[in-house]
Structure formats: C-alpha cells, structure tokens
1. Taking all protein chains in place and a 1.4 Å probe, what share, in percent, of the accessible surface of the chain do carbon and sulfur account for?
2. Could you give the distance between the Cα centres of region 118-135 and region 233-286, to the whole Å?
3. Hey, if we sort THR28, THR68, THR193 by accessible area with the 1.4 Å probe, largest down, what's the order?
4. Take ASP305 and ALA217, extend 7 Å from each Cα along the Cα→Cβ direction, and tell me the distance between the two endpoints in nm.
5. Straight-line reach only, C-alpha to C-alpha below 22 angstrom: list the lysines that LYS16 could link to, leaving out same-chain residues fewer than 8 apart.
6. Give me the aspartates and glutamates in straight-line cross-link reach of LYS344: C-alpha distance below 19 Å, same-chain residues under 8 apart excluded.
7. Show me the helices of the chain, taken as full DSSP H stretches, that run 27 Å or more along their long axis by Cα and average -0.5 or above in Kyte-Doolittle hydropathy.
8. Please work out the average accessible area per residue across region 207-327, using the 1.4 Å probe convention, and give it in Å².
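The values are calculated or read from the model by the stated rules, or taken from the named source; none is laboratory data. In this text the structure is predicted, and so the values were computed from the model without any measurement. Please note: Cβ atoms are built from the backbone with ideal geometry, for glycine as well, and neighbour counts cover all protein chains shown. These accessible areas exclude ligands, DNA and RNA; they are computed on the full protein's heavy atoms, side chains included. Shrake-Rupley method; radii C 1.70, N 1.55, O 1.52, S 1.80 Å.
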Amino acid sequence: RDQQNIEINCALNGIKVIENNYYTSYLTTLSGADLVIYYDEYGKRLLESNVRTFLSLRGKINKGIYNTINSDNKIFFFAYNNGLSGTASDIIFENGIIKSIKNLQIVNGGQTMSTIYKAKRDGLNIEDIHVQMKISVIHDKENYTNYVSKISEYANTQNKVNKSDFFSNTYFHRRFKEISKIIRVPARGSRTTSSKWFYERVKGEFINDQLYMKDSARRKFLLEYPKDQVIDKILISKANLSWELFPNEVSKGAQQCFAKFASKVSDLYDEGDPDCNEYLFQKFVSQFILFRSVQKLVSKASWYDGYRAQTVPYIISLLSFLLRKKDLDMNWNKIWEDQEINIKLLDFINELGELVHYRLLNPPLGNTNIGTYCKKTVCWEGIQKLSRKIEEIPTLDY
C-alpha cells in the first residue's frame, strides 16, 4: 500500500512519553510550513488511515480553523487547536530530536492539516501556525492495522464521526478500494470509452481527489469516474441488505443499516480472504444498480404516495424472496455488463411495488406510525405473504 512508502526526514524537538512492548509514543510540535512540505510530497497518502479526507470549509469546525489562520488571532492557533494524532511504523529519536518518521499516518487532525494546506494554497500567511502532534509507533506488526483503526476511532472527538466512518480501515473496504481502481465498466450508450466505479472508502474522497486539479485533469478524472458511478459503504449496505432479506433493518436508517452490514461482512471476510474479489465487487455494485433503479421507478410510479426509503428495500426483498422460492438468483454478471436493469424485469418490479406499497401504507391495527412499523420483523413477515398473490414470474435470464 502507498502509505508503506512514506519516510520523512526531519529535525523535530520531541520527548518520548511512553514506551512498552506494544507501542512507543512521542510528543512534538510541527510548524504550518512543515505540514505543507509533508502534504506537498505525500498528499492524501498521509491520511489513508484517517476516517475521513478533507470535508471542505462548509463545516463549522474547518471554517473556524481557516478563519483563525486568516485573522490576528493566528498567534493563538497552537493554544486553540487540539493538534494531530499520528501512527508510525518506526521513528529515529536521538538526543531529544526526532530525525526520521517512517509510514506516518495522521489518524486524527486530518481536517486541521488539510485546512492549513488550503490556507497556504490560498496565499494566507502561515508563519505563526504551529500544532502539537502525538505519534505512536506500533510494535505489534501482526495486529498493526487493528491498532491503527482503534487509535483512529478513539482519537476522533472533534467533528461528529459516524459509525460507518470507522469501518473504512477494514480489509473488506480496503480491498474494494483497490479493486475499484482496476476494474473497468464496458463502454455503453453515449459513452465511447470505458470507465470505472469510484468506491468512496472515506467520506469526502471523491471531491477531495479533485480539489487541486486543473480543469483539464478534472475533466479527464470525471471521464474515468463519472459522477453517477460513485458508491460508498452506506449505499452498498442498503442495496445488499435489501437483497439479503433484511428490509426492516434498512428501514431503521443509514447508520443502523450499516452497523448490521458491517457485522455481516466482518464475519465473512477476514484479512486476505480470496472471496473478497472482483466478482464480489461487481455483484455488490450490480445490487446497487438494482437499488437505484427501483428508487427511480418508485419515485415516478402512479401508485407512489410517500415512504420511498421503506418501500424500495421491501420491494427488492420481496423480489429476492420470490426468486429464492424458485431456486433462482439474479444474473449479476448481466447487470454489470449492461449497467442497467432489464425493462421486463422493471415492469415486474413495478407490479410488485404497487402491492408492497399498498400493504406498507395500510398496516394492521395498532400500527399507526408507518415508519416505525416498517422497522419491525412482523412487517417483513407480512410482506412475504404477498408472494401468494404472485402467480408467476416473467421468464428472464436470471
């Protein structure tokens, strides 16, 4: 991985704070100029183990950091800012000086680092900007990734961080990111060249990758990664759990849905699992294509009258349930090749959708809150009974 090729030669005043069999921690101070130099050389590779990349200046925290740099209060930046937390695989420390940092990862403070870098790019004076940094050298190489992930999770308290953000360092998501950089989508329709799906492993990555591109480079980037081919772990979780017959879990909202998905894939795919491969990536993306197609269908349907977030997963789960009863499965390879859903299948889904939607909007007595009812297992059990009304499934190449 790219982060394993980072080696920073420096001369930073520091102190060794803790040393044991598991890790050694140091405290040091970095100038804004130091940070800019490191970011210029290594870019977002320094943030590979962070739960997020740069989230722009729209957020209150990042805007505050930027405004402090751009004011007379910048002399107090060190006092105001919580600083950075980092991990490394090795540090050369002699006579109170940190001389070298190998495989540095900023696991907390990525927003601070990126905002300082943006301020410099915008022409602001960062001469008086300094930040403290805690660096932990992990000695247990066998469990290195797990320790870095935990440090990242426990260190992040400044900005709101969702549960799904912490899952971005697991093997499943790292592997999916690697595959997304390799596997191409066949040219189709008005697109004369092949393209790729952008797997957003960390929040804000798609925008961040384009942040400092020139117009020509950005156009080239968007040809390779079109905006309608961006997918993240939340979208994958909704699509996958809908197909795997958990519509009630999807109806609980993005974070609870993802928690269920995270638990599921963590049990299935250990570090280096060969089943976490290109076919799995294509299958999960195809499930999302199905999910997005059903979303569009529902929104335009004459029978639709609200609760799309609940209706969509229940339709997909009922379709999956019907196919399983006949020992059939969806032809995910065909969906991947076509990058769309067969029109005959969409017509059938529309028929299912009307049945499902009516049932959801007319729950049994005692269930006045439809949103709450959709989160219950009993709701899904009721939808499964609709299968008795489906006499036949259209003949398709499933």
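1. Numbers: 9290 of 19760 Å².
Carbon and sulfur: 47 percent of the exposed surface of the chain.
2. 39
3. Working: THR28 10, THR68 30, THR193 80 Å².
Sorted descending by solvent-accessible area, the residues read THR193, THR68, THR28.
4. Inter-label distance under the simple model: 5.4 nm.
5. Candidates past the 8-residue exclusion: LYS99, LYS102, LYS134, LYS141, LYS150.
6. Qualifying aspartates and glutamates at Cα under 19 Å: ASP329, GLU354, GLU391, GLU392, ASP397.
7. Values: long enough: 278-300 (33 Å, 0.25).
Helices passing the filter in the chain: 278-300.
8. Numbers: 5560 Å² over 121 residues.
For region 207-327, the per-residue accessible area is 46 Å².
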